[in-house]
1. Let me have the relative contact order for the chain, percent, based on Cα pairs under 8 Å that are six or more residues apart.
2. Quick one: 3J(HN,Hα) in Hz for segment 90-96, Karplus 6.51/-1.76/1.60 with θ = phi - 60°, rounded, Gly and Pro as x.
3. In nm², what is the average projected area of the convex hull enclosing the Cα atoms of segment 1-92?
4. Computed FRET efficiency, Cβ-Cβ of LEU11 and SER53, R0 41 Å: what is it to the nearest 0.05?
5. Using 15 Å as the cut-off for backbone N distance, which residues of segment 69-87 belong to the label zone defined by a point 7 Å from the Cα of ARG45 along Cα→Cβ?
6. Under a 1.4 Å probe, what is the accessible area of segment 11-105 per residue, stated in Å²?
7. For the chain, with all protein chains present and a 1.4 Å probe, just round the carbon and sulfur fraction of the accessible area to a whole percent.
Amino acid sequence: QVQLVESGGGLVQAGGSLRLSCAASVSIFSLNAMSWYRQAPGKERDLVATITSGGSTNYADSVKGRFTMSRDKAENTVYLQMNSLKPEDTAVYYCNARWGPITFYWGQGTQVTVSS
């Protein structure tokens, strides 16, 4: 069982920045990949960014150039640095971990609200 704890959400004005953290209960290098998803009210949960065990990152087109995903091996933590935030970035952000081919774990989510 992998436990994920997110933090760092909050209220920010448009154009501002936030950094989300996701602390894992296991070595993040034992996981195949870690991702950030987000879900806005009334919408589906969408993939925002992924970092693989090898360190490769991928981003949704809507956040490319504004968001950066990184990791800290010593802290077993991944981060999502979010810059130039827009009101449409408002959502609950969830951390996700993939263990093997088909096993996924989720954090509890953290609210990000961007005011215009």
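The values are calculated or read from the model by the stated rules, or taken from the named source; none is laboratory data. Values in this document were obtained by computation on a predicted structure and should not be read as measured data. Note that each Cβ is placed from the backbone with ideal geometry, even for glycine, and that neighbours are counted across all protein chains shown. To get the accessible areas, we keep the full protein, side chains included, count just its heavy atoms, and leave off ligands, DNA and RNA. Shrake-Rupley method; radii C 1.70, N 1.55, O 1.52, S 1.80 Å.
1. On the way: 288 pairs, mean separation 42.3, N = 116.
Relative contact order of the chain: 36 percent.
2. 4, 4, 8, 9, 10, 8, 9
3. Details: hull surface 24.4 nm².
For segment 1-92, the mean projected area of the Cα convex hull comes to 6.1 nm².
4. On the way: r = 34 Å, r/R0 = 0.82.
That gives a FRET efficiency of 0.75.
5. Counting backbone N atoms under 15 Å from the label point, the list is empty.
6. Numbers: 4880 Å² over 95 residues.
The answer is 51 Å² per residue.
7. Values: 2820 of 6040 Å².
Here it works out to 47 percent.
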